[in-house]
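Visitor: Shown below is the structure under consideration.
Every number in this text was worked out from the coordinates using simple rules, so none of it is lab data. Only a predicted model underlies this, so the values are computations on that prediction, with no experimental measurement involved. Methodologically, a virtual Cβ is constructed for each residue, glycine included, from the backbone with ideal geometry; neighbour enumeration extends over all protein chains shown.
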Amino acid sequence: MSLFTRYKEEKREMENAPVFVQSKQKSKRFWEVEASLHSYLLDELKKYQGRTQEEETKVIEELSQVYFEEEESRLSFEEKQELISYVKHELLAYGPITPLLENPQVSEVMVNGPKEVYFEKNGKLFRSETVFEDDLHVMRVIEKIVAPIGRRVDESSPMVDARLPDGSRVNAIIPPLALKGPSLTIRKFSETPFTIHDLIRFGTLSENMGEFLDICVKSKLNIFISGGTGSGKTSTLNVLSSFIPNEDRIITIEDAAELKLNQEHIVSLESRPPNIEGKGHISIRDLVRNSLRMRPDRIVVGEVRGAEALDMLQAMNTGHDGSLSTGHANSPRDLVARLETMVMMAGFDLPVRAIREQISGAIHLIVQQARMKDGTRKITHITEVLGMEGDTIVLQDLYLFRESGLGDDGKIAGQFVSTGIRPRFTEQLELNGYKMPASWFASEW
């Protein structure tokens with residue numbers, strides 16, 4: 001039976017179905033025609049192997065027109081164009097959510113199930129008119145994302161972290177853990193990494209704070225970026241990492257490689273989940289320990305969330321200065337408490353005072369970032385770790401964001417201010433040839 005004969009039989013079975021119209025909820029007729037066109041194109045495209053994506057796009061458009069002339073002549077021009085666009089997204093990209101991923105104003109895409117798709121734009125959540133056909137349709141998109149990087153998702157491993165080729169972070173969780181159907185969350189990364197000038201323009205920090213952090217990174221201070229989910233920690237880590245001199249050897253360690261650095265001498269390491277037999281797991285902690293044998297000038301860990309905190313602190317305390325990392329916490333003081341807890345997760349029965357001495361000796365600065373009520377991201381604290389006083393780690397705020405309410409445009413109003421205190425490591429920075437003007441620390445309180 002020829003392809004067109006088979007499609008004609010499918011068409012006769014669908015003759016009584018109403019012609020679909022473009023709407024939020026796709027009709028049964030839409031999915032039937034889309035499936036038929038999709039199958040036809042899959043078979044035909046086998047004859048066009050080894051072509052670029054641009055060439056494949058042109059071939060799909062041409063073949064679709066052939067299909068419509070033979071099989072679906074009663075469709076309107078708008079309906080044909082919608083079908084072609086939909087099938088191109090299915091074959092060459094990530095299905096119905098492709099337009100959202102291609103929209104530069106959309107920062108995050110969330111699929112709660114086949115009929116619930118949300119996106120974040122300018123820090124606010126909106127429900128999209130985009131829908132999937134069913135659970136299997138969402139699963140096909142998830143498989144298309146995770147398969148190229150060697151990850152898997154099935155009933156035995158129903159959760160997966162992955163990334164898109166552009167570095168966007170992906171998390172997928174499927175039934176039986178996800179009750180509404182397969183859930184997919186994609187946090188997009190800008191194709192062009194943010195610079196410090198972008199963060200200043202966005203109002204994330206002030207110009208003085210940016211110049212101060214630039215000097216601190218170049219002077220090899222150990223810095224932790226702290227904040228909640230979606231507060232912009234990884235973007236800030238990427239910006240601070242860009243200050244590292246080009247001649248330094250940088251080792252980056254992440255669960256899913258997201259950092260985009262422009263330096264020449266970079267080794268990027270990525271953790272690996274266990275295989276189907278439960279073997280082969282390589283954790284962040286394993287990679288941190290291995291990185292110490294790789295002659296690093298700088299170690300950049302995407303996020304510290306477990307026992308690797310102990311190895312990271314030991315590295316910072318044993319000559320590997322200039323290390324950078326992030327951690328989840330609501331304040332600089334909370335980050336210190338979390339690091340204590342994570343060190344205890346390493347399984348060693350260390351006294352609390354010994355842990356705190358490790359933390360106070362290793363970390364120089366904590367950069368606290370928050371996502372405000374209006375959706376903007378702000379660096380709310382730049383805090384120096386001074387050392388121990390008794391059994392307590394002493395922290396000192398150098399810069400703060402002082403909130404003053406809501407502006408006429410509904411945005412958070414406020415200003416970045418210095419506390420008027422110069423950091424204790426000022427002399428170290430000046431020995432490295434950097435000058436810190438007194439105006440950077442002029443108190444505005």
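Visitor: Pop the C-beta distance of Leu350 and Ser283 into the FRET formula with R0 = 25 Å and round what comes out to the nearest 0.05.
Guide: After rounding, the FRET efficiency stands at 0.80.
Visitor: Okay, moving on. Which whole-Hz couplings ³J(HN,Hα) result when phi for each residue of segment 319-335 is put into the Karplus expression 6.51 cos²θ - 1.76 cosθ + 1.60, θ = phi - 60°, listed in order with x for Gly and Pro?
Guide: These are the phi-based 3J(HN,Hα) values: x, 9, 6, x, 6, 10, 6, 10, x, 7, 6, 8, 7, x, 5, 5, 5 Hz.
Visitor: Do you know the relative contact order of segment 99-189, to the nearest whole percent, from alpha carbon pairs under 8 angstrom that are 6+ apart?
Guide: 28 percent
Visitor: Using only alpha carbon pairs under 8 Å that are at least six residues apart, calculate the relative contact order of segment 196-441 and give it in whole percent.
Guide: Dividing the mean separation by the residue count of segment 196-441 yields 20 percent.
Visitor: Separate question: Calculated FRET efficiency, Thr195 and Leu75, Cβ-Cβ r, R0 56 Å, to nearest 0.05?
Guide: The formula returns an efficiency of 0.75 here.
Visitor: Follow-up. Compute the distance from the alpha-carbon center of segment 219-292 to that of segment 160-206, in whole Å.
Guide: Distance between centres, Cα-based: 16 Å.
Visitor: While we're on this one: Counting only residues 5 or more places away or on other chains, whose amide H sits under 5 Å from the amide H of Leu398 once H atoms are built in the peptide plane?
Guide: Hits under the 5 Å cutoff: Ile382, Thr383, Glu384.
Visitor: With +1 on each Lys and Arg Cβ and -1 on each Asp and Glu Cβ, how big is the dipole of the chain about its Cα centre, in debye rounded to the nearest 20?
Guide: Computed about the Cα centre, the dipole is about 780 debye.
Visitor: Per DSSP helix of 4 or more residues, -39500 (n - 2.57); summed, then divided by the residues of the chain. What does that give at 222 nm, rounded to the nearest 500?
Guide: Result for the chain, helices only: -10500 deg cm²/dmol.
Visitor: Something else: Can I get the semi-axes of the chain's equivalent ellipsoid? Compute them from the C-alpha gyration tensor as square roots of 5 times the eigenvalues, in angstrom, largest first.
Guide: Output for the chain: semi-axes of 50, 24, 19 Å.
Visitor: Relative to the longest principal Cα axis of the chain, at what angle does helix 135-146 sit, 0 to 90 degrees, rounded to 10?
Guide: 50 degrees
Visitor: Now for a different question. Round to the nearest 10 and give me the degree value, 0 to 90, for the angle of helix 308-317's Cα axis relative to the longest principal axis of the chain.
Guide: 40 degrees
Visitor: Continuing with this model, one more query. Jot down the radius of gyration and Dmax of segment 118-263, Cα atoms only, both in angstrom.
Guide: Every Cα atom of segment 118-263 included, Rg and Dmax give 18.3, 54 Å.
Visitor: Let me ask you something else. If you average the sequence gap of Cα pairs under 8 Å that are 6 or more apart and divide by the length of the chain, what percent do you get for the contact order?
Guide: The normalised contact order for the chain reaches 10 percent.
Visitor: Out of every Cα-Cα pair in segment 373-436, what percent are more than 14 Å apart?
Guide: 68 percent
Visitor: Rounded to two decimals, what is the ratio between the C-alpha radius of gyration of segment 99-189 and 2.2 N^0.38 Å?
Guide: 1.03
Visitor: Can you list, largest first and rounded to whole Å, the semi-axes you get for segment 319-445 by taking the square root of 5 times each eigenvalue of its Cα gyration tensor?
Guide: Equivalent ellipsoid of segment 319-445: 29, 21, 12 Å, largest first.
Visitor: Hey, got the dipole for segment 298-434? About the Cα centre, +1 on K and R Cβ, -1 on D and E Cβ, debye to the nearest 20?
Guide: Magnitude of the dipole: close to 320 debye.
Visitor: Kindly provide log₁₀ I(q)/I(0) values, in the same order as q = 0.11, 0.20, 0.26 Å⁻¹, from the Debye equation applied to equal alpha-carbon scatterers of segment 310-388.
Guide: These q points yield log10 I(q)/I(0) values of -0.31, -0.91, -1.36.
Visitor: Taking amide H positions as placed 1.01 Å from N in the peptide plane, with prolines and chain starts having none, which residues 5 or more places from Ile225, or on another chain, fall under 5 Å of its amide H?
Guide: Ser325, Thr326, Gly327, Val367
Visitor: Helix 3-13 versus the longest principal axis of the chain: what is the Cα-based angle in degrees, 0 to 90, to the nearest 10?
Guide: On a 0 to 90 degree scale, this one is about 80.
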